[in-house]
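Below: the structure, in structure tokens.
The values are calculated or read from the model by the stated rules, or taken from the named source; none is laboratory data. What you are looking at is a predicted structure, and each value in this text was computed from that prediction instead of being measured. Glycine gets a Cβ as well: all are built from the backbone with ideal geometry, and neighbour counts include every protein chain shown. These area figures cover heavy atoms from the full protein model, side chains too; ligands, DNA and RNA do not enter into them. Shrake-Rupley method; radii C 1.70, N 1.55, O 1.52, S 1.80 Å.
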Amino acid sequence: MQINKLKKYTGIVLVGILLMSFSQGDSNEEKPNRRKQGIVQSMVFSALDARHYHAPKINDEYAATAFDEYIKSLDYGKQFLLSTDIEKLSVHKTRLDDYIQNAELDLYLESQEILKERIQEAKTYYQEILAKPFDYEIKEEIDSDAENRMWCDTKDDLKEVWRRNLKLSTLSRIYSREKTQEGIKEGEKKTSWKELEKASREATLKSIESWFDRMGKLKDEDRFEQYINSLLHVIDPHTTYLAPKSNEDFNISMSGKLEGIGARLSQAEGEIKVAEIIPGSPCHLQGELEVEDIILKAAEKEKEPTDLEDMLLSDAIRYIRGDKGTPVTLTVRKIDGSLQDITIVRDVIVNKETYAKSALIGDEKEVGYIKLPKFYVDFSDRKGRRCSTDMKKELQKLQAEGVDKVIIDLRNNTGGSLSDVVDIAGYFISDGPIVQVKSYDGNKKVWNDRDKKMVFDGKLIVLINNFSASASEILAGALKDYDRAIIMGSNQSFGKGTVQNVMSFDRQFGNRFKNLGQLGSLKITTHKFYRINGESTQRRGVKSDIVLPDNYRYINIGENDREFALAWDKMEMAKHDFYRNKLNEKKAKKYYDEFLAKDSVFQFIDQQAKELKADRDDSMVPLHYKTYKQERKQEEEDSKGLDELMENNRKDLVINNLSVDLPEIQKDSLYININKKWIESLENDIYLQEAVKVMEF
């Protein structure tokens with residue numbers, strides 16, 4: 001609910017660095033297989049030529065644009081490279097197309113060598129700068145948007161960028177420590193300013209050193225993946241090369257499950273820590289692994305354990321994750337310092353938070369609510385779990401409770417399976433087209449409702465926001481075009497009107513290049529989809545029937561904010577019937593025209609959105625501590641103001657679980673706590689409150 005502007009006021013050194021982190025670091029691995037990388041580069045661009053929806057011409061013009069994008073991604077914060085480095089690398093600017101055609105990597109190799117040298121130099125900058133206190137009385141500032149800055153000409157200029165960045169990081173920590181002291185009672189000892197400043201500087205130093213250490217463990221595979229993807233980004237933002245490791249993660253994200261032990265891990269100071277135990281997972285059922293445990297080693301059955309200390313988290317996870325039914329023995333350090341070997345048999349881990357779930361709203365439980373976080377499907381198992389099946393079950397469960405009003409929440413749902421969204425849309429109509437698709441070869445296809453039965457014929461509202469994308473837009477668009485539902489939320493959805501397919505190089509070329517190992521995959525844009533009214537959702541998204549002010553109302557976010565996104569267009573309308581919307585949309589719109597003009601809560605949110613826009617346009621941050629402190633305090637006061645308005649002008653919703661779901665929820669304390677937090681989040685959800693209100697129109 002709150003507007004988060006703190007990114008501007010915190011350590012932008014790390015913000016900038018993390019955005020380009022896959023391009024940094026020394027690797028301790030064996031010499032990379034450059035032949036394999038050249039072949040993969042050729043495979044990627046051959047696939048683009050054959051299958052991409054808008055296949056690019058790989059020429060000097062493309063090369064110049066791709067070069068600029070790669071350099072930007074190489075050093076996003078302009079904190080390492082000098083203008084002389086850019087000039088030196090510029091000899092490759094119009095040769096990049098030739099490198100692609102000849103399977104050469106000249107730009108990649110030279111840029112990484114230069115960057116490696118600059119990173120070593122930067123280590124001396126931050127160590128020297130953080131060795132003594134900053135001057136917090138000087139009225140200076142820093143531009144938090146690196147794109148506004150020029151490349152530094154000299155090392156002294158670069159060192160000054162580091163000084164200001166590090167000062168900002170330290171300022172943020174001092175402010176946080178000062179706020180902590182506000183809770184100390186009168187008469188109790190408070191830390192002096194000098195001690196606060198020193199501790200904050202030391203924390204900044206520790207954080208930077210930890211980052212450099214992690215990046216030093218990145219593999220050449222990671223850096224090469226980032227290089228290829230910067231070349232693909234200028235073609236369209238959704239075509240992506242997936243190195244073998246990323247390809248595995250992608251498949252997990254689509255299915256909502258993986259095979260492993262069921263613990264969420266984090267990394268700090270080189271240690272792998274258990275951050276959360278997933279309910280119902282193998283480690284939860286085994287019972288010995290606990291939150292805050294530090295995992296030191298992992299061993300397969302009858303094999304020597306692998307030391308995980310100082311290993312990159314993404315690599316360590318691969319020693320812990322494994323096939324269903326196989327045991328892994330973890331050596332962990334408990335919170336009391338004792339060591340323990342814990343053997344856990346891996347199993348399929350189901351992340352239930354990614355699956356559809358429902359609740360009942362109101363004293364009389366008269367309104368049904370379904371949250372669909374994504375359009376998931378398990379590609380590896382034809383009988384595996386999929387969102388269309390789950391959505392039908394949730395609708396049927398709600399109807400069994402006597403519900404004839406349903407709110408479908410697609411906020412922050414970034415999409416997924418096209419086939420499943422067609423099925424889900426069909427649950428709300430009896431027959432007809434759902435979406436039109438045009439392929440890379442010009443062929444057009446209309447996807448129709450495959451089941452002539454209407455699962456739910458009651459009142460329907462769909463909640464969207466700026467981050468509802470792809471399949472979410474197909475569902476919202478179809479229900480809007482049929483006049484079957486009222487769409488509520490942000491001005492419009494994200495605007496991703498393209499379809500990607502994954503092309504596995506290992507399946508297609510694995511036998512031919514056995515000696516090279518795994519080759520990875522290409523997620524490639526092959527189709528564009530269009531609503532049944534003929535309009536593409538690309539860039540323009542689906543517009544809400546009732547627009548409610550939110551944090552991003554005046555900011556251009558989504559696909560239309562992406563420089564290289566494909567263009568909007570339209571095709572002919574697909575013939576379809578219209579339904580009589582069971583909700584009085586005209587009456588609801590008239591009500592909100594009057595209500596939003598005077599409602600104090602939404603007026604406040606609207607004002608905050610305007611301030612966020614102004615804040616985004618003005619990226620300068622003060623490094624004078626008193627000024628910095630004043631701006632941060634004002635941010636916090638604004639947040640408190642919204643909380644107070646909500647408390648005085650809104651009544652929490654009454655939310656209940658479905659009776660059929662209670663046995664599953666109540667069988668375990670972890671399930672109970674997760675469910676409790678979810679219910680609480682719905683009770684004071686202002687947008688859900690308005691959707692419930694519209695159900696009465």
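Just a few scattered comments:
- Stretchable slack from residue 341 to residue 650, in nm (0.36 nm times residue separation minus alpha-carbon distance): 106.1 nm
- Percent of Cα pairs exceeding the 20 Å cut-off, where the set is the range 71-155: 48
- In the context of the full set of protein chains, residues of the chain present 47 Å² of accessible surface per residue (probe radius 1.4 Å, heavy atoms only).
- Computed from label points 7 Å out along Cα-Cβ, the spacing between residue 571 and residue 506 is 3.4 nm.
- Inter-label distance, residue 640 to residue 135: 3.4 nm, where each label sits 7 Å from its Cα along the C-beta direction.
- Set against the labelled values [x] 16, 49, 30, 5, 0; [y] 15, 45, 37, 3; [z] 17, 53, 28, 2, P(r) over Cα pairs in 20 Å bins from 0, in percent computed from this structure falls on [y].
- Given +1 at the Cβ of Lys and Arg, -1 at the Cβ of Asp and Glu and no other charges, the dipole of the chain around its Cα centre is 1460 debye to the nearest 20.
- Values of log10 I(q)/I(0), in the order q = 0.18 Å⁻¹, for the range 392-446 under a Debye, Cα-only, solvent-free model: -0.81
- Whole-angstrom Cα spans of the range 444-516 along principal axes, big to small: 59, 32, 22
- Entries of 273/357; 334/667; 206/629; 459/575; 179/633 with Cα pairs more than 21 Å apart: 273/357; 334/667; 206/629; 459/575
- Pairs of alpha carbons in the range 604-697 whose separation is greater than 21 Å (percent): 57
- Normalised size of the range 112-170, defined as Cα radius of gyration per 2.2 N^0.38 Å with N residues, equals 1.20.
- The Cα-based radius of gyration and maximum Cα-Cα distance (Dmax) for the range 544-656 are 20.2, 64 Å.
- When Rg and the Kirkwood Rh are both derived from Cα coordinates, the Rg/Rh ratio for the range 202-245 amounts to 1.18.
- Once the convex hull of all Cα atoms in the range 385-509 is built, its volume per residue stands at 129 Å³.
- Share of Cα-Cα pairs in the range 296-409 lying beyond 17 Å, as whole percent: 68
- Unit Cα scatterers, Debye sum, the range 656-697: log10 I(q)/I(0) for q = 0.28, 0.33 Å⁻¹: -0.92, -1.06
- Bridge type composition, the chain - antiparallel percent by DSSP, nearest 5: 80
- Per-selection Kirkwood Rh - the range 480-639 (Cα, Å, 1 d.p.): 20.3
- Residue 94/residue 593 FRET efficiency (R0 51 Å; Cβ-Cβ; nearest 0.05): 0.40
- Taken over the range 97-207, the ratio of Cα radius of gyration to 2.2 N^0.38 Å equals 1.52.
- Listed residues 687, 602, 207: farthest to the positive end of the dipole of the chain (Cβ charges): 687
- Accessible surface of the range 335-414 [probe 1.4 Å, protein heavy atoms]: carbon and sulfur percent: 46
- Inter-probe distance in nm under a simple model that places probes 7 Å from Cα toward Cβ, at residue 194 and residue 664: 6.2
- Once the Cα-Cα distance is subtracted from the 0.36 nm per residue extended length, the residue 557 to residue 64 segment shows a gain of 174.9 nm.
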